[in-house]
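Here the structure is laid out as structure tokens; the discussion comes afterwards.
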Amino acid sequence: MTLKPWKILSSTYLVQDRWISLRADRCETAAGVIIEPFYIFEKADWTHVVAFDDAQRILIVRQYRHGAREVCAEIPCGLIDASDVSPLDAIERELLEETGCKAEQIESLGSVYANPARQTNKVHSFIAFGTRQVAEQNLDETEDIEFEFVEIDQLMRLIDSGEFSQSLHISSVFLALRHCGLLDKAYHGTKFGL
């Protein structure tokens, strides 16, 4: 491969607080072109879980998302905190906090970058089986979350309608359905004419 990374000639932090870390880099491409400023969001890694109950229903949450100014349907998710030992530890904590649920088995589906052009973080996706509510929610003071288990077809309708519209959550759902061999069910048994 002949592609080479850019050189970072300098960096200046514009914002650093508990919500966001934004820096402006002065970069030089492999061809010697200077790009400044190039803005980078430094973020902690995130975790997602596609959690199935014993009836093959998927756990979804609904909460207000201020960027979209809408109540969005999603899968349980959250930041990996400094107190978390691993991404698995983080998603077990988030699942319990957001929904009061635990799973009998959780497996990794891998990791993807949230946006490698502008962000430093990855999304660690998991699939869970035997998920059931064992406690009350334990939400932060800024959170207001509703949750329910839905059939796969119902989740597809939520995606089609735009209510479940977070692209990275859809990516995790795809990975989980592929992992379980359920993509045909997700596409209502439709086959491509190949």
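Just so you know, all these numbers are worked out from the coordinates, no wet-lab data involved. Source: prediction; values computed, not measured. FYI the Cβ positions are ideal-geometry reconstructions off the backbone, even for glycines, and counts take in every protein chain you see.
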Debye, to nearest 20: dipole size of the chain, +1 on Lys, Arg Cβ, -1 on Asp, Glu Cβ | 1040 debye
Excluding near-sequence neighbours (fewer than 8 apart on one chain), the chain holds lysine pairs with C-alpha atoms under 26 Å apart numbering 7
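So what's the net charge close to residue 157: Lys and Arg +1, Asp and Glu -1, counting the other residues with Cβ under 10 Å from its Cβ? Write down the numbers at each step before the final one.
Details: positive: none; negative: 151, 153, 160, 163.
In short, -4.
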Placing +1 on each Lys and Arg Cβ and -1 on each Asp and Glu Cβ in region 50-194, then taking the dipole about the Cα centre, the residue among 72, 55, 181 whose Cα reaches farthest towards the positive end is 181
Could you tell me which of rounded, prolate or oblate describes region 56-194, using a ≥ b ≥ c as the square roots of the eigenvalues of the alpha-carbon gyration tensor, with rounded for a/c under 1.5 and, failing that, prolate when a/b is larger than b/c and oblate otherwise?
-> rounded
Row for region 37-106, column shape: gyration tensor on C-alpha, a ≥ b ≥ c, rounded if a/c < 1.5 i.e. under 1.5, prolate if a/b over b/c, else oblate; value oblate
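Please give the net charge around residue 10, taking every other residue with its beta carbon less than 14 angstrom from that of residue 10, where Lys and Arg add +1 and Asp and Glu add -1. Please report the intermediate quantities before stating the final value.
Details: positive: 7, 23, 26; negative: 25, 28, 36.
Value of the local net charge: 0.
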Of all DSSP beta bridges having both residues in region 46-186, the percent classed as antiparallel (nearest 5) is 80 percent
From the phi of every residue in region 130-138, what ³J(HN,Hα) in whole Hz does the Karplus formula 6.51 cos²θ - 1.76 cosθ + 1.60 yield, where θ is phi - 60° and glycine or proline is x?
-> x, 7, 8, 6, 10, 7, 7, 4, 10
Compare the peptides 89-98, 3-12, 102-111 by average per-residue count of other Cβ atoms within 10 angstrom and give them in order, highest first.
-> 89-98, 102-111, 3-12
By how many degrees, 0 to 90 and rounded to 10, does the Cα axis of helix 167-180 deviate from the longest principal axis of the chain?
-> 50 degrees
Taking the Cα atoms only, what angle lies between the long axis of helix 152-161 and the longest principal axis of the chain, rounded to 10 degrees?
-> 50 degrees
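Let me check I've understood the local charge: for residue 129, count other residues with C-beta under 11 angstrom from its C-beta, Lys and Arg +1, Asp and Glu -1. What total comes out?
Numbers: positive: 132; negative: 53, 54, 104, 107.
Net of charged neighbours comes to -3.
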Sorting 133, 112, 150 by the position of each Cα along the dipole of region 92-170 (Lys, Arg +1; Asp, Glu -1; all at Cβ), the one nearest the positive end of that ordering is 112
